[in-house]
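Asks: Take this structure first; my questions come after.
The values are calculated or read from the model by the stated rules, or taken from the named source; none is laboratory data. Being a predicted model, the structure only gives us computed values, none of them experimental. With ideal geometry, Cβ positions are generated from the backbone for all residues, glycine too; neighbour counts draw on all protein chains shown.
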Amino acid sequence: MKNWRTIRGGWQAATLCCALLCAPTFAQVSSYGDKQTGDNAGDQLPQVLQRVGVAQRLNQPLPLDAAFVDETGKAVKLGDYFGKHPAIVSLVYYTCPMLCSEELDGLTGALSMVHLTPGKDFDVVVISIDPSDTPEQAAKKKAFYLKRYGRPETASGWHFLTGQRPAIDAATNAIGFGYVRVPGPDGKLSQFAHASSIEIATTDGKIAQYYLGVEYSPKDMMLGLIEASGNKIGSPVANILTYCYHYDPQTNKHSLIVARVVQVGGMITMAGLGGFIFLMFRRDLKLGRDHDLTKKENG
């Protein structure tokens, strides 16, 4: 019994060591590994990202007369979604290979835990910053996230818009959403460097609250919607941004490679530690059996 306790104690200690050693490896690799690329000297952002960000313009009115097209191909104005309810506004583009989907995933996940109903208590207005996006692409995005949300009866509260540059600029300037067009892997200017944020606007179309990043607190979001329904304006939040920037035209490389190398290194470390623990465990078991056999023979 004493020998087994020794073995079990050794196993637990080794497991704890493995967890402590491996945790920093994965904690330092963003799960959204390819959001930022380019040379980064100290705290200096890549040059292109210095033109990207979110300037929080609370109480700023949205351009309610800006003309867009909804996911059905119908011509609409931004003001069509205000007057009765507050709205959550999200600026993305529908062909984004990275961060935009994570932003919408985070929004949908948070809303699934908010006890309010889209279309009844608030609206979700998603605006593409890419004038080449189409209503067909918007419809596919809406169908995907409505299915993920799991409440198809709320479809009237979800709006996925496309538009041309004047309307897009009017919306992004009002929100303070800075972004730049960048080359994709094929060298064409088909992608955008941008930060991730969603905004809540009051019933009369003024910006009431910002939520930055890709994970949002359901509690904070619900409070923001309730306050915005009474046309109350919130407070600025810490300006900690998550960037979507995949391709570096200067180095012609993807930062995802760096993240993957670190992840592989962590996997190798875990595999090595796992093998060492397994061998030590087998050795301890063998020593225990030998000890028991020796006791029997001596007896």
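Asks: Just need a number here: residues in the stretch 149-175 that are buried (at least 17 other Cβ atoms within 10 Å of the Cβ), more than 15 Å from K74 (Cβ to Cβ) and over 24 Å from the mean Cα position of the chain (by Cα).
Replies: 1
Asks: Here's a follow-up. Within the bounds of the stretch 58-79, is there any residue that is in the same structural domain as K147 (by TED's automatic domain parsing) and modelled with pLDDT under 90?
Replies: Step one: of the stretch 58-79, the residues in the same structural domain as K147 (by TED's automatic domain parsing) are 58-79.
If we keep only those that are modelled with pLDDT under 90 too, we end up with none.
No.
Asks: Which helices (runs of 4 or more DSSP H) sit wholly inside the stretch 91-205 and have at least 1 residues that are among the β-branched types (V, I, T)? Break it down stepwise before answering.
Replies: Details: elements: 99-111, 135-149, 165-175.
Fully inside the stretch 91-205 and qualifying: 99-111, 165-175.
Asks: A further question on this structure: With respect to E102, is the statement that it is in the same structural domain as Q191 (by TED's automatic domain parsing), modelled with pLDDT under 95 and of a type in the set (D, E, K, R) true?
Replies: Details: in the same structural domain as Q191 (by TED's automatic domain parsing): yes; modelled with pLDDT under 95: yes; of a type in the set (D, E, K, R): yes.
In short, yes.
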